[in-house]
Amino acid sequence: MLCTRVIPCLDVKDGRVVKGVRFQGLRDAGSPVDLAALYEAQGADELVFLDVSATPEGRRTHVDTIRAVRERLSIPLTVGGGVRADDDAMRLLDAGADKVGVNTQAVETPELIDRLAKRFGAQCTILAIDAARTASGYEVVVRSGKQRTGIDALAWAAEGASRGAGEILLTSWDQDGTRSGYDLTLLAAVHARVQVPVIASGGAAHPNHLIEAARAGADAVLAASIFHDGDFTVADVKHALGAAGIEVRR
Amino acid sequence: MSGRVLVIRTGTANTSSVLAAFRRIGAEPELVDQPTEITTADRVVLPGVGAFAAAMSGLVERGFDEALRERIAADRPTLGICLGLQLLAAGSEESLGVEGLRVIPEHITRLRGEVRIPELGWNRVEAQVGARCLESGHAYFAHSYCLEKEPAGAVAGWTEHGIRFVSAFERGALLACQFHPELSGAYGHALLTRWFEGGA
């Protein structure tokens, strides 16, 4: 049986992990390589690196970061942020990413999904969707949430999958940063709408939140601060999931 | 034997993970674009992601197909990964009408059942008794197509995702994995080490 994956997410800017990471015993808490190795040792099933650099220099540094992490990491690595064309994806894959996530650019140019899937395969092409609640459902937001699009998030997930995205990384814009759990309604709705795997993201602060998400249909659960703050290790979370009867890799 | 491992560049495949994994076990992997040494090299890896037809035409155009068939017939250590396993077959439901390497006579079919496709993530491999390299454990998968029947004379590993399929098989010095040993943590590291050191 396929295991529910636990995926720590790291925001990387100019080659350094940003957002407070408070670990004891790490040589350098801002080093992507050290953190990646630590999470792998704790039992992470996969890692997501989100490039939040705003400059071309930062983007180039990011490729070097991926290369350094790859040398060390023996679990899958997904990279997102700033992928605007298939050549951007090629650079990241060449450096050692296994999957590439697209978000804003895919909304602006949906054909990008088709091109990535055709060139690199569906399993390599992840559609990241930031969804915000509306009076009647959910709409897609882009540019790190700064811009609402009026696009129905469920319809967009379905379109993305039919264009060839092999997985949906679904972030609840309302829950993100609230530490009050994932948006389970959104998750269940997208899960029911597409046949590809769905990664839940946004709002996790306690192992119970990840259990709820798995029960609502998440194939994988992504979290950042719960791990970076040192409140829970990946091993703690996987233990809790296992104890709740959810299949995880030990 | 030297520590060299020749890794075939299969068009769109992301080979960085494979190269890094072999460096981690102390091998000396080299990416190759030409089939010159493929027939006689100590160890060869056929990785692969992406579509069956594109990868197959990339192999044929550069003459890798004949070289691979020869080295496998001579029972030289060869490792197929993911699409690299599927390319060994006679053909695939993914690209009807496109001939595979025909190292095994079986055809590749699409996963089916009440499950998510592609299968992305960690699943259990149950190794049959008698395997030299393969062991049971959790491995990382990323695929939509699979081999459903074990080839004659092979020892297989089995996995369930909607259907029960061959997640790996070994036959002589040939090891083929539907999963990605290079992304399968300690399980994959140990498997690559056994293959590299001559387990199969």
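Data table
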{"quantity": "Over the protein assembly as shown, volume per residue of the alpha carbon convex hull, in Å³", "calculated": "133 Å³"}
{"quantity": "Prolate/oblate/rounded label for region B:91-176 (Cα gyration tensor, a/c 1.5)", "calculated": "oblate"}
{"quantity": "Residue A:67 paired with residue A:135, simple spin-label distance in nm, labels 7 Å along Cα-to-beta-carbon", "calculated": "5.3 nm"}
{"quantity": "Percentage, to the nearest whole number, of Cα pairs in chain B over 20 Å apart", "calculated": "50 percent"}
{"quantity": "Antiparallel content of DSSP bridges confined to region A:5-243, in %, to 5", "calculated": "25 percent"}
{"quantity": "Antiparallel bridges, percent of DSSP beta bridges restricted to region B:4-196 (to nearest 5)", "calculated": "60 percent"}
{"quantity": "Cα-based equivalent ellipsoid, chain A: semi-axes from gyration tensor eigenvalues, Å", "calculated": "24, 23, 17"}
{"quantity": "Helical mean residue ellipticity (222 nm; -39500 (n - 2.57) per DSSP H run of 4+; nearest 500) of chain B", "calculated": "-6500 deg cm²/dmol"}
{"quantity": "Shielding score for B:185-198, defined as the mean number of other chain Cβ atoms within 10 Å", "calculated": "1"}
{"quantity": "Loop-located chymotrypsin sites (Phe, Trp or Tyr not before Pro) in region B:1-102, at most 13 other Cβ atoms within 10 Å (DSSP)", "calculated": "none"}
{"quantity": "Qualifying trypsin sites (Lys or Arg not before Pro) for region A:108-209 [loop in DSSP, other Cβ within 10 Å: at most 16]", "calculated": "A:143, A:146, A:179"}
{"quantity": "Long-range lysine pairs (8 or more apart or interchain), the protein assembly as shown, Cα under 25 Å", "calculated": "7"}
{"quantity": "Volume per residue that the Cα convex hull of region A:1-129 spans, once the total is divided by residue count, Å³", "calculated": "115 Å³"}
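Values in this text are rule-based calculations from the coordinates and carry no lab data. Since the model is a prediction, treat every value here as computed from it, not as a measurement. Cβ coordinates were reconstructed from backbone atoms using ideal geometry, including for glycine residues, and neighbour counts include every protein chain displayed.
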